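Written out below as structure tokens is the structure these notes cover.
Derivation of every value follows stated rules applied to the coordinates shown; laboratory data play no part. All values reported here derive from a predicted model rather than from experimental measurement. Reconstructed Cβ throughout: ideal geometry from the backbone, glycine too, with neighbour counts over all protein chains shown.
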Amino acid sequence: MNYIIENGLICTASQHFKGDIVITGSTITALTAPQKARQTVDASYEIIDATDHYVVPGGIDPHTHFDLQQSPNHRACDDFYQGGVAAACGGTTTIIDHMAFGPTDCDLHHQFEVYKKLANNCPIDYSFHGVFQHINKEILAEANDLITKEGFPSFKAYTTYSAPMHDAELFVILEQLKNSGGLLTVHTENDVITNTLRNRLKPNELIPLGQATTRPNVAESISVANVLGLAKAVGDAPIYLVHLSAKESLREVQLARDTKQQHIFVETCPQYLFLTDAKFSDGGPLEGIKYMLAPPLRKKTDQLALWEGLQNGDIQVVATDHCPFTIAEKQAYVNDFRRCPGGISGVEERMPLLFSEGVLTGRLTPEQFVRVTATNAATIFGLPHKGDIQLGYDADLVLFNPNEPRTLTAPNLHSTCGYSAYEGMTVKATIASVFLRGQLIANSNTFTGKAGYGQLIKRQPMAL
């Protein structure tokens, strides 16, 4: 099917204007003045009236954890099909998934092969970040091949959890990736601070709020400063900070950029823009345990600093860290938050929340919204022909109706976790239609795509 999206407010990374979009097959083939496109094509094109609608590029979420085996007893409840359906209905048409750790001492390819099978039924386009569990010459050579030959230029390292990468390991990883055109993404929390504080807790202190008190802002900011320093020492190696949450961490980024360190990319998430650590206490422990995630929810002052970072360009990407577990799985550990699986949903809520509270309140321009939800991720992670509305690009498009509010509740969302961290919030706009490569995959909150329609995207190395 070919389409004309007619008379919409077209929002790109650089401008917004009223006009028409011609979709021929999977591609954007023309951009015209309003109601002019029908004069350029034959009568076979279906016309979609986008009057009074915003038309934006399909969202790119470069931080999901679909079907993640977090521990022997806990696996994220949204697999690649269910997570993909939620993403589609929320206006996200491409994800880059962060893999779980594989068996001890496995090579890098092991998890890529596992995840290719897991994602076989994904209804939206997808790619993967590799994950470092240990470092040796063979692993570094394998990373080079994945970047230069196989189209997977990004990898993740953790500075905490079960396989933390320490300075010596991070240094050689950064050297290798810089030389190969790769990008290191890092979960930055200080392992000593978090574990020392957690291990000192008394039994009556194992309440949900303990997640915030044992993972303080400084645990993140000191790790951010350290990782940025290592990247600078390697010769300004590119570095991508995932789910940045603390105002002090953002200040470390600003200080590094003040010294002309250029290749720093920063991501935050909706939970840090819209929620605070009051959620750990409001409603009692059974409610608070549902918000267990890392880094934890922060203070209002952190929230305001992150919004300012989006507005001034210090933060380039809003992703989600989508990794949901059911209410029962969370509440089973209400008396010891340390054993609770970490993560919440967000892949469906991200675009409507940010459009409503960003664009429609004037906090973000339409161009800024497009950049932080799509364009910047496509550029940083080497996704060809995605992330903007341009001739020759994939016809990944979202139509927002700004005159139809909607309250987010579990029954009208598509994650299988049974609740939303944003339960009861009202967004000022709804998503009318979502296209992926020219196919209508969601319409008025109903999934219209199909399992397996998503394609594994081979990405391009970084060109510094």
Practice prompt. Tell me what the chain gives for mean residue ellipticity at 222 nm when only DSSP H runs of n ≥ 4 count, each as -39,500 (n - 2.57), the sum divided by the residue total, rounded to 500 deg cm²/dmol.
Written response: -8000 deg cm²/dmol
Worksheet, complete the sentence: Residues of the stretch 162-197 with backbone N under 15 Å of the label point set 7 Å from the Cα of SER71 along Cα→Cβ are 162-163, 195
Worksheet entry | the chain: radius of gyration and largest Cα-Cα distance (Dmax), Å | 21.4, 73
Worksheet, complete the sentence: Subtracting the Cα-Cα distance of THR148 and THR259 from 0.36 nm times their residue separation yields 36.9 nm
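How far, in nm, would the chain grow between GLU308 and SER444 when pulled straight, counting 0.36 nm per residue and subtracting the alpha carbon separation?
45.8 nm is the gain from fully extending GLU308 to SER444.
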Item to complete: Starting from the Cα of ALA233, step 7 Å along the direction of its Cβ; do the same at ASP107; then give the gap between the two resulting points in nm.
Response: 3.0 nm
Practice prompt. Evaluate the charge dipole of the chain about its Cα centre and quote only its size in Debye, nearest 20, assuming +1 on the Cβ of each Lys and Arg and -1 on the Cβ of each Asp and Glu.
Written response: 440 debye
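Please order TYR45, TYR81 by the number of other Cβ within 10 Å, starting at the fewest. The partial results should precede the final answer.
Numbers: TYR45 18, TYR81 21.
Listed from fewest to most nearby Cβ atoms, that is TYR45, TYR81.
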Worksheet item: Assuming R0 = 41 Å, what is the FRET efficiency of ASP191 and SER26, from their Cβ-Cβ distance, to the nearest 0.05?
Response: 0.35
Response to the item:
Note: ALA43 to HIS134 extended length (0.36 nm per residue) minus current alpha-carbon separation gives 26.9 nm
Worksheet entry | Entries of LYS36/LYS428; LYS202/LYS290; LYS330/LYS450; LYS117/LYS450; LYS117/LYS156 with Cα pairs more than 25 Å apart | LYS36/LYS428; LYS330/LYS450
